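So the structure is just underneath, and the comments pick up after that.
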Ligand SMILES: Cc1ncc(COP(=O)(O)O)c(C=O)c1O
Ligand SMILES: [Zn+2]
């Protein structure tokens, strides 16, 4: 934390002191936290990290705020699971799943929320808020409850039951907006200018975004301080993808890995909301906003704030951005569940279906070590799967009924 330098405009490079600001006064560009990497390099080590907590806070030296126990529900250090059965089905060699479904509120958003709210408390805010496609709302409501902060979370009214119930249960204010995420976000930007509230992904966005780097840090540590060759990351606003790439770079900058990272970073979107994939495919870096229409509601951002930076990160790294249909999303969820025993939400289906597509297209190679980020839990988006799965048999509790229901050959060892 002492090693935070300030915040810098990602467009014009102007520097500012650390404060709850998010746009450049000069050019209105987005701001990003900067660090004194030489200073971090002089203290950080693999041993120091290994001695830290079994959570994202073991990488505190590379985060913009110290761990605040009141805002730590235990996010991070989630399993990195070797996925040989999935790899075999995809014709790939080495595939790993970063299973971020097992975070405290079952998505990677706990990483960004605990970072942003720790900073918010440092700045003296007492109300936590966000504009959300669902997972962030869960996370902000839970962390605010744990810390005793007031909360206002804003969501599109048409979200899945599993997102609304698991947010409202924490007892904060849940405001469902008659509109899509982009409408919600616009309202929140106005509210952030009206009330002194900590909107984690609006006025605290530079600090919020840094929490996602821990996904890259954990991946490398869990691979025995080896880099992956290729990662696949779902895109909504594009922040997660850009920060995972930044994370790999920082490990080298502070001397935790010798090798300069050449991790290919690929993005994943749903066809019904693919403004970043579309711009990438057309060779453009201008994103045309769209009206989302997909079952992958957590990724339904039609006008992505970090879309330009995501495209830039993907191009620089030699990756690609794929998009998949809603049917492919459902197939992707089932494929991961059936081969690896991991149940992802629709964003996970987008990621696995895109992984499959990029493997089929030869973009992802058999000799690459691949990591796919599964960022939210399937129990939150039951509606997407309910019409497609059912019990194998529904029978009375008798042996006869059981034997009637199954061909005997299915029952042999
Ligand atoms: C489960 C899940 N994965 C990925 C993302 C993408 O995050 P970003 O907006 O940083 O691109 C989101 C965003 O809400 C999400 O809910
Ligand atoms: Zn600027």
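Points worth noting:
Residue by residue, here is whether (1) more than 15 Å from ligand 1 (Cβ to nearest atom); (2) free of Cβ contacts under 8 Å to residues at least 12 places away in the same chain; (3) touching a helix residue (DSSP H, G or I) at 6+ places or on another chain (Cβ under 6 Å); (4) in a strand (DSSP E or B) holds:
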{"residue": "225", "(1), (2), (3), (4)": "yes, no, no, no"}
{"residue": "232", "(1), (2), (3), (4)": "no, no, yes, yes"}
{"residue": "240", "(1), (2), (3), (4)": "no, no, no, no"}
{"residue": "245", "(1), (2), (3), (4)": "no, no, yes, no"}
{"residue": "269", "(1), (2), (3), (4)": "no, no, yes, yes"}
{"residue": "276", "(1), (2), (3), (4)": "no, no, yes, no"}
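- Residue list for segment 9-30, filter: under 13 Å from residue 64 (Cα atoms) and either in contact (Cβ under 8 Å) with a residue 60 or more places away in the chain or within 12 Å of ligand 2 (Cβ to nearest atom) (or both): 19, 20
- Considering segment 310-331, the residues that are in a helix (DSSP H, G or I) and in contact with a strand residue (DSSP E or B) (Cβ under 8 Å, 6 or more places away or on another chain) include one that is farthest from residue 136 (Cα to Cα), namely 317.
- Boolean, residue 354 is surrounded by fewer than 19 Cβ atoms within 10 Å (Cβ to Cβ) and either assigned to a strand (DSSP E or B) or out of contact with any helix residue (DSSP H, G or I) (no Cβ under 6 Å at 6 or more places or on another chain) (or both): no
- Members of segment 174-188 found to be in contact with a strand residue (DSSP E or B) (Cβ under 8 Å, 6 or more places away or on another chain) and either surrounded by fewer than 18 Cβ atoms within 10 Å (Cβ to Cβ) or part of a helix (DSSP H, G or I) (or both), listed by number: 175, 176, 179, 181, 183, 184, 185, 187, 188
For (1) surrounded by fewer than 17 Cβ atoms within 10 Å (Cβ to Cβ); (2) at negative phi; (3) at pLDDT below 95; (4) touching a helix residue (DSSP H, G or I) at 6+ places or on another chain (Cβ under 7 Å), each residue gets a yes or a no:
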| position | (1), (2), (3), (4) |
| --- | --- |
| 3 | no, yes, yes, yes |
| 9 | no, yes, no, no |
| 17 | yes, yes, no, no |
| 27 | yes, yes, no, no |
| 37 | no, yes, no, yes |
| 41 | yes, yes, no, no |
| 44 | no, yes, no, yes |
| 48 | yes, yes, no, no |
| 53 | yes, yes, no, no |
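- Test: residue in segment 332-346 that is buried (at least 19 other Cβ atoms within 10 Å of the Cβ), in the same structural domain as residue 287 (by TED's automatic domain parsing) and out of contact with any strand residue (DSSP E or B) (no Cβ under 9 Å at 6 or more places or on another chain): yes
- Picking from residues in segment 143-158 that are within 16 Å of ligand 1 (Cβ to nearest atom) and crowded, with 22+ Cβ neighbours inside 10 Å, the one that is farthest from residue 209 (Cα to Cα) is 156.
- If you go through segment 80-130 and keep only what is within 16 Å of ligand 1 (Cβ to nearest atom) and under 18 Å from residue 337 (Cβ atoms), you end up with 97, 98, 99, 100, 101, 102, 106, 107.
- Candidate set from segment 109-139 (those that are part of a strand (DSSP E or B) and buried (at least 24 other Cβ atoms within 10 Å of the Cβ)); member that is farthest from ligand 2 (Cβ to nearest atom): 128
- Of all the listed residues (292, 261), the sole one being more than 16 Å from residue 240 (Cβ to Cβ), outside any helix (DSSP H, G or I) and over 19 Å from the mean Cα position of the chain (by Cα) is 261.
- Residue 290 being outside the structural domain of residue 346 (by TED's automatic domain parsing) and farther than 19 Å from residue 357 by Cβ: no
- Checked against the criteria, residue 84 counts as in contact with a strand residue (DSSP E or B) (Cβ under 8 Å, 6 or more places away or on another chain), assigned by TED's automatic domain parsing to the domain that holds residue 355 and without any contact (Cβ under 8 Å) to a residue 60 or more places away in the chain.
The values are calculated or read from the model by the stated rules, or taken from the named source; none is laboratory data. Bear in mind that the values here come from a model prediction, so they are computed numbers and not experimental data. As a convention, Cβ positions derive from the backbone with ideal geometry for all residues, glycine included, and neighbour counts pool all protein chains shown.
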